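Colleague: Can you read through this structure? Questions will come right after.
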Amino acid sequence: MVLRAGLVGAGGVGARHARTLAGFPDVELIGITDPAPGVAGALAADLGVPVAPDLPALLRQRPDAVWLCVPPFAHGAPELAAVRAGVPFLVEKPLSTGLPVAEEVAAAVAAAGLPTATGYHWRHLDTVARAREVCAASPPRLVDATWLDTVPPPAWWRRREASGGQVVEQLTHVLDLARLLAGEVAEVRALPAGSTGAGRDVDDATAALLAFTGGAVGTVTAACTLPAKVRAGLDVVCDGVAVELTETALTVTTRDGAETRQPQVDARTAVDRAFVDLLAGGPPAPGLVDYAEALRTHRVGVAIAESARTGAAVRP
Ligand SMILES: NC(=O)c1ccc[n+]([C@@H]2O[C@H](COP(=O)([O-])OP(=O)(O)OC[C@H]3O[C@@H](n4cnc5c(N)ncnc54)[C@H](O)[C@@H]3O)[C@@H](O)[C@H]2O)c1
């Protein structure tokens with residue numbers, strides 16, 4: 001069976017998904033749409049795929065699935081249109097800038113019983129599977145989630161109302177792993193450093209404390225004032241074991257010493273492969289994060305952003 005896929009949003013990550021899908025022998029890209037003049041056309045010409053004028057036109061072609069790669073502020077309408085058309089979708093993280101749109105989409109997806117996937121590709125790393133085993137054997141007591149980076153190129157990223165801010169937009173990958181390894185977050189308390197960047201109201205830095213329902217505690221540190229990414233990942237302290245996880249390495253330290261391994265899986269390909277396989281009737285891959293699961297992570301990021309804004313403790 002060949003899966004007929006459509007792409008909505010042909011920017012940085014949309015182009016990445018399109019190239020990945022174009023490389024799968026069992027996927028046909030049937031259309032690409034993007035409201036920015038020329039953006040869909042350039043990618044479509046490159047891949048030999050037709051441009052669709054808009055999402056309704058793309059959905060009228062009855063794709064088997066669509067990949068929704070729009071910026072955080074643009075969520076809601078594309079997902080709800082896909083649900084109304086009965087078309088499964090993979091949507092990029094974050095699910096939205098805040099909660100109302102994501103909760104509405106989650107309810108619509110659940111009511112329709114539609115298969116979904118999200119762009120939390122780190123979950124497909126074999127190193128994450130190994131970290132899960134370690135943390136299952138020795139439950140985490142302390143989690144440190146961090147993302148120290150530069151301001152990404154898209155203009156929308158700099159505005160909190162458009163991106164949701166660094167924790168919601170970027171650190172969400174690591175919050176997702178914190179939940180995976182240490183369980184659900186009961187409460188967050190956060191402080192913002194404020195913004196000193198020209199034309200940017202996203203905070204320079206955020207520091208937060210997490211209380212997990214299982215009793216572990218956590219810290220969150222995010223900063224976007226650097227010339228390039230310095231570190232993005234998770235440190236987990238268990239009883240007698242330390243786990244250090246980034247997108248490119250896992251180090252497990254025990255009393256016998258430290259062991260470092262690199263991922264053997266290309267998670268950015270695996271995230272698309274997993275959804276295609278699911279839609280072909282296969283079982284869900286262990287790394288597949290559907291909309292409902294992604295929403296649980298999104299709630300934690302939004303809670304941190306809200307606590308940073310209000311000064312109050314927030315329960316996700
Ligand atoms: N999972 C990952 O590793 C990863 C990596 C990069 C980006 N992302 C996420 O993907 C999303 C997009 O990021 P990007 O870097 O591609 O941004 P981008 O600005 O490069 O591209 C977004 C594209 O979406 C288009 N767009 C805007 N509104 C639209 C709408 N309503 N319908 C269709 N297209 C619309 C824009 O014109 C633009 O071309 C962000 O939420 C980002 O967090 C995820």
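Colleague: For E133, E169, E28, E247, what's the fewest-to-most ordering of other Cβ within 10 Å of each Cβ?
Modeller: So the ranking, lowest neighbour count to highest, is E133, E28, E247, E169.
Colleague: Starting from the Cα of Q264, step 7 Å along the direction of its Cβ; do the same at A228; then give the gap between the two resulting points in nm.
Modeller: Between Q264 and A228, the label points sit 2.9 nm apart.
Colleague: Oh, and also: For the chain, what does the equivalent ellipsoid look like in terms of its semi-axes, each the square root of 5 times an eigenvalue of the Cα gyration tensor, given largest first in whole Å?
Modeller: The answer is 32, 23, 18 Å, longest axis first.
Colleague: Please give the contour-minus-distance gain from S138 to T213: 0.36 nm per residue of separation, less the Cα-Cα distance, rounded to one decimal in nm.
Modeller: Full extension from S138 to T213 adds 25.4 nm.
Colleague: How much mean residue ellipticity at 222 nm does the chain get from its helices, if each DSSP H run of length 4 or more adds -39500 (n - 2.57) and you divide by all residues, to the nearest 500 deg cm²/dmol?
Modeller: -10500 deg cm²/dmol
Colleague: If you don't mind, another one. To check you understand DSSP bridge types, tell me what percent of the beta bridges within the chain (both residues inside) are antiparallel, rounded to 5.
Modeller: Of all bridge pairs located within the chain, approximately 60 percent are antiparallel.
Colleague: Taking Cα pairs under 8 Å and at least six residues apart, what relative contact order does the chain come out at, in percent?
Modeller: Relative contact order comes out at 19 percent.
Colleague: Sketch the reach of a paramagnetic label on E28 as a point 7 Å from Cα along Cα-to-Cβ, and name the residues of region 110-128 whose backbone nitrogen lies under 19 Å away.
Modeller: Correct set: none at all.
Colleague: In addition: What is the extension gain from R16 to D54, computed as 0.36 nm multiplied by their sequence separation minus the C-alpha to C-alpha distance, in nm to one decimal?
Modeller: 11.7 nm
Colleague: Treating the angle as unsigned and between 0 and 90°, give the value, to the nearest 10°, between the Cα long axis of helix 100-112 and the longest Cα principal axis of the chain.
Modeller: In the chain, helix 100-112 runs at an angle near 60 degrees to the longest axis.
Colleague: Also, quick follow-up: Could you give the nm distance between label points at D201 and A312, where each point is 7 Å from its Cα heading toward the beta carbon?
Modeller: Reported label-point gap for D201 and A312 is 2.0 nm.
Colleague: Continuing with the same structure: Multiply the residue gap between A111 and D256 by 0.36 nm, knock off their C-alpha separation, and tell me the result in nm, one decimal place.
Modeller: So the extension gain works out to 47.1 nm.
Colleague: Given R₀ = 51 Å, what would the calculated FRET efficiency be for V151 paired with R84, taking r from the Cβ atoms and rounding to 0.05?
Modeller: That gives a FRET efficiency of 0.90.
Colleague: Continuing with this model, one more query. Report the semi-axes of the equivalent ellipsoid for region 209-292 in whole Å, largest first, where each axis is √(5λ) for an eigenvalue λ of the Cα gyration tensor.
Modeller: The answer is 28, 18, 17 Å, longest axis first.
Colleague: Based on DSSP, what percent of beta bridges with both residues in region 118-264 are antiparallel, to the nearest 5?
Modeller: 85 percent
Colleague: If you build a Gaussian network model of the chain, linking Cα atoms that sit under 10 Å apart, which residue out of L125, L278, L171 swings the most?
Modeller: Highest fluctuation among the options: L278.
Colleague: Now a separate question. Kindly identify region 175-249 as rounded, prolate or oblate by the Cα gyration tensor criterion: order the square roots of the eigenvalues as a ≥ b ≥ c, call it rounded if a/c is under 1.5, otherwise compare a/b with b/c, prolate if a/b is larger, else oblate.
Modeller: oblate
Colleague: What Kirkwood radius, in Å to one decimal, follows from the Cα pairs of region 69-117?
Modeller: 10.6 Å
Colleague: With springs only between Cα atoms under 10 Å, which of V101, V168, V271 fluctuates most in a Gaussian network model of the chain?
Modeller: Greatest mean-square fluctuation among the candidates belongs to V101.
Colleague: Based on alpha-carbon centroids, what's the gap between region 1-66 and region 235-312 in Å, whole number please?
Modeller: Going from one Cα centre to the other spans 27 Å.
Taken together, the values in this text are just the output of simple stated rules run on the coordinates, not laboratory data. Not measured: the values here are computed from a predicted model. A quick note on method: Cβ atoms are made from the backbone with ideal geometry, for glycine too, and the neighbour counts reach across all protein chains shown.
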